[in-house]
Amino acid sequence: MKIATNNLKRQYDLYADEYEEAALKCLRSGWYIMGPELAHFEECFARYIGTDFCVGVASGLDALHLAFRLLEIGNGDEVIVAANSYIACVMGITMNGATPVFVEPDCFYNMDAAKIEEKITPKTKAILAVHLFGQACDMEQIMKIARKYSIKVVEDCAQSHGNHWNDQSVGSFGDIGCFSFYPTKGCGAFGDAGCIVTDSEELADRARVLRNYGSNKKYYNEVVGVNSRLDELQAALLRVKLSHLDEMNEERAALAHRYGQEIRNPHIVLPSVRDGADSTWHQYVIRVKQRDKFIDFLSHHGIGTMIHYPIPPYLSEAYRYLGYQKGDFPITEQQAAEVVSLPVYNGMTGEEQAYVIETINAFEADERDYDS
Ligand SMILES: *Cc1c(COP(=O)(O)O)cnc(C)c1O
């Protein structure tokens, strides 16, 4: 049996008729950028998250870039972010000229809220809460700290569409919530797309101006903006996807539940969910000390895996100029060396999952390597 880590074709097939109908309608309408489909999707998505406004943009990275720009965070400012985040989170900060300040993750792979306060300086302007792998950060602690120091909170929800902290949707806690609709994300488009959500009318209005060359009225430009628009076709398709998001999240939760129940191997550390948090199981991330051997073993049996992420952003070539070294964030580095993401996709069959579980349970680590 061959099982890829992800399978977008399966997901497409689940609701193919609806996507095709929505796409054709849009194609035949003759209106492709900044039209009724975008307005409709923005309204539906804001309602879904529980914020007053949603502004569609061209990608998740653009959403982050614009979020910090809207909050006027840039040169000389610091933003606190988890050291194990995806590199785009850090780019959203540095593209604005601000400096990322890293915090170690906890055992749920999210920012360890107990380690935030020691990183706060007079330059700290915001916390970027990244809800990694689909699980909500501890928003109670993060919001408490932000209020105490009067700093902003931006949420990166690119991996956690429809996820909650204490029954409130992520993206609705901070000043701005940022989403990516990259195809593999929980609410994925069929190309690049993203959005920001906020309760601030002023921020939403300025975001609408910024995404469209800094113009509200055609050919009258108030500020130097960017071209970052969510097109009509993607908006139309995303509206269909959004209408099925809860069922898709439930389907992945059931897959995650089964992994949790049936994977039995002393060499594997299974993921857990914090009290108060939900997970949409964007990734099912386990840890294995002998990772290379484990990946080879699964691959030999036709099972694909991924590593999210092999190199923490502060050790990547791109951020060499920040001056960090190996050993600066030991928890992050240990996770980076041991994490493996298992296949968990909509449309995965029970038979496929049984095969993955059976294969994993048959994996035997080499004891000698363990001791060394
Ligand atoms: C995917 C992702 C992004 C970037 O989104 P794009 O749409 O690919 O630009 C940002 N942050 C996180 C956590 C992501 O997973």
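Quick look at the numbers
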| quantity | calculated |
| --- | --- |
| Proportion of all alpha-carbon pairs of the chain beyond 39 Å (%) | 17 percent |
| Amide hydrogen neighbours beyond the local backbone of Asn216, cut-off 5 Å, H modeled | Glu222 |
| Distance in nm between pseudo-label sites at Tyr149 and Asn227 (7 Å out along the Cβ direction from Cα) | 3.9 nm |
| Normalised convex hull volume, the stretch 189-326, alpha-carbon set, Å³ per residue | 230 Å³ |
| Alpha-carbon gyration tensor eigenvalues x 5, square-rooted, for the stretch 49-170, Å | 19, 18, 14 |
| R0 of 30 Å, Cβ-Cβ distance Asp246-Ala354: FRET efficiency to nearest 0.05 | 0.70 |
| Normalised per residue, the volume of the convex hull around the Cα set of the stretch 250-307 (Å³) | 105 Å³ |
| Under-5 Å amide H pairs with Trp165, H placed in peptide plane, nonlocal only | Val170 |
| Accessible area of Asp13 in the full protein assembly, 1.4 Å probe (Å², nearest 10) | 80 Å² |
| Computed accessible area, Leu24, all protein chains, 1.4 angstrom probe, square angstrom | 80 Å² |
| Carbon + sulfur, % of accessible area of the chain - ligands and nucleic acids excluded, 1.4 Å | 50 percent |
| Alpha carbon Rg of the stretch 288-372, scaled by the compact-globule rule 2.2 N^0.38 Å | 1.34 |
| Note, ³J(HN,Hα) from phi for the stretch 2-9, Karplus 6.51, -1.76, 1.60, rounded to Hz, x at Gly and Pro | 10, 10, 7, 5, 9, 8, 6, 5 |
| Considering only the chain, percent of DSSP beta bridges that pair antiparallel, nearest 5 | 55 percent |
| Solvent-accessible surface (1.4 angstrom probe) belonging to Lys144, in square angstrom, nearest 10 | 110 Å² |
| Volume per residue of the C-alpha convex hull in the stretch 1-105, rounded to whole Å³ | 173 Å³ |
| Listed residues Glu118, Glu140, Glu37, most fluctuating in the chain (Gaussian network, C-alpha, under 10 Å) | Glu118 |
| √(5λ) per eigenvalue of the Cα gyration tensor, the stretch 197-252, largest first, Å | 31, 14, 8 |
| Centroid-to-centroid separation of the stretch 297-313 and the stretch 325-342 [C-alpha atoms, Å] | 14 Å |
| Calculated log₁₀ intensity ratio I(q)/I(0) where the Debye formula runs over C-alpha points of the stretch 160-263, q = 0.10, 0.11, 0.13 Å⁻¹ | -0.39, -0.46, -0.61 |
| Stretchable slack from Gln168 to Ile33, in nm (0.36 nm times residue separation minus alpha-carbon distance) | 45.4 nm |
| Pairs of Cα atoms farther than 12 Å apart, the stretch 156-202, % | 60 percent |
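The values are calculated or read from the model by the stated rules, or taken from the named source; none is laboratory data. In this text, all values refer to a predicted model and were calculated from it rather than measured experimentally. All Cβ positions, even for glycine, are placed from backbone atoms using ideal geometry, and neighbour counts span all protein chains on display. Calculation scope for accessible area: heavy atoms of the full protein, side chains included, ligands and nucleic acids excluded. Shrake-Rupley method; radii C 1.70, N 1.55, O 1.52, S 1.80 Å.
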